[in-house]
Amino acid sequence: MAFCSDCGGKLDEGVRFCSKCGVSVKNSNEDSNEEGKAVIAPDAEEKAVAQVITEPVVQAPSIRYVERMDPDNTEKKSFFTKKPVILSCIIVMAVIIISLVIAGVFQYRKFTEEAAVFAEEVNKLTDEVSTLTESVDYWYFEVRDLSAVYPIIIHSIDFANTREDGTYIVQPGGRLDSSGMRYLTTEITYESFWGIDYRIPLRITIYDESGRRSQMGNNNYTYAREITIDNYTGTIGLGGWGNSTTSTYSRGNYRVEIWYNDVSLGSKTVTIY
């Protein structure tokens, strides 16, 4: 039995062409003859040729798989050449993303801690402001009540020797001699609670060393003076007590008291030599 060397189809004896693919089978028959297989007779061969001529031969389509050859292996080479680059890019991107995430986490924690500290500071400041507000309210009412009693706070008291018109013979704080005394004048440095442009009636009382009060008439004070406050702080004279021609003060210590209504605003001792 012979078979086609091209398609492997079965060959009848004596045929010169394959009935399936139409390929000449002469060489196949010769090879078969050489291998000791059946030899096709000449008359049979002629009959096969005639049969092939008389009968149409339909060649079956053959499917061949042809592998594209890439002698330089450029495709595989390109793939394996690009693959490390792609992997390197992916690794670099992953490292960058991880670094950004870690940095973001640390920044978020830092921001959270700073926000907590800031909130704590704000709470402390709020408490301090609340305390100060309460303190201000307290002192406001205290000052209001105090100013109703003390229209001014006297910080210092000084004495001078003046003439009847108020001009100085001895400046405030200077030495006062009994022989040259005319008017013992009092000056005060004050601070006002009431503001400015208002008048305060004051009474000044002078006591000598024996406690005797210098006075005019039946008053329980030496003299009265109404002052005008023109600033919240300042220095102002309260006038004086004495005589324009002779001295009414002997040597010794004198105590001067300043009163507003029944409230003593201040007092001080002065020495006359």
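Of the residues in segment 143-182, how many are surrounded by 15 or more Cβ atoms within 10 Å (Cβ to Cβ), in a strand (DSSP E or B) and hydroxyl-bearing (Ser, Thr, Tyr)?
Total meeting the criteria: 1.
Sort through TYR190, TYR198 and tell me the only one that's surrounded by 12 or more Cβ atoms within 10 Å (Cβ to Cβ), within 17 Å of SER267 (Cβ to Cβ), among the hydroxyl-bearing types (Ser, Thr, Tyr) and within 52 Å of the chain's Cα centre (by Cα).
TYR190
Could you identify the single residue in ILE236, ILE204 that is in a strand (DSSP E or B), of a type outside the set (Ser, Thr, Tyr) and more than 60 Å from the chain's Cα centre (by Cα)?
ILE204
Return the residue satisfying two criteria in turn: it lies in segment 126-168 and is among the small types (Gly, Ala, Ser) and touching a residue at least 24 places away in the same chain (Cβ under 8 Å), and of such residues it is farthest from ILE196 (Cα to Cα).
ALA160
Considering only segment 183-197, how many residues are in a strand (DSSP E or B), of a type in the set (Asp, Glu) and either without any contact (Cβ under 8 Å) to a residue 40 or more places away in the chain or out of contact with any His (no Cβ under 9 Å at 6 or more places or on another chain) (or both)?
Of the residues in segment 183-197, 1 are in a strand (DSSP E or B), of a type in the set (Asp, Glu) and either without any contact (Cβ under 8 Å) to a residue 40 or more places away in the chain or out of contact with any His (no Cβ under 9 Å at 6 or more places or on another chain) (or both).
Give me a count of the residues in segment 4-24 that are assigned to a loop (DSSP other than H, G, I, E, B) and of a type in the set (Phe, Trp, Tyr).
Within segment 4-24, residues that are assigned to a loop (DSSP other than H, G, I, E, B) and of a type in the set (Phe, Trp, Tyr) number 0.
Could you tell me whether segment 109-120 includes any residue that is basic (Lys, Arg), surrounded by 10 or more Cβ atoms within 10 Å (Cβ to Cβ) and over 19 Å from the mean Cα position of the chain (by Cα)?
No: zero hits.
Bear in mind that the values in this text are calculations on the coordinates, not laboratory data. Only a predicted model underlies this, so the values are computations on that prediction, with no experimental measurement involved. Positions of Cβ are backbone-derived with ideal geometry, glycine not excepted, and every protein chain shown enters the neighbour counts.
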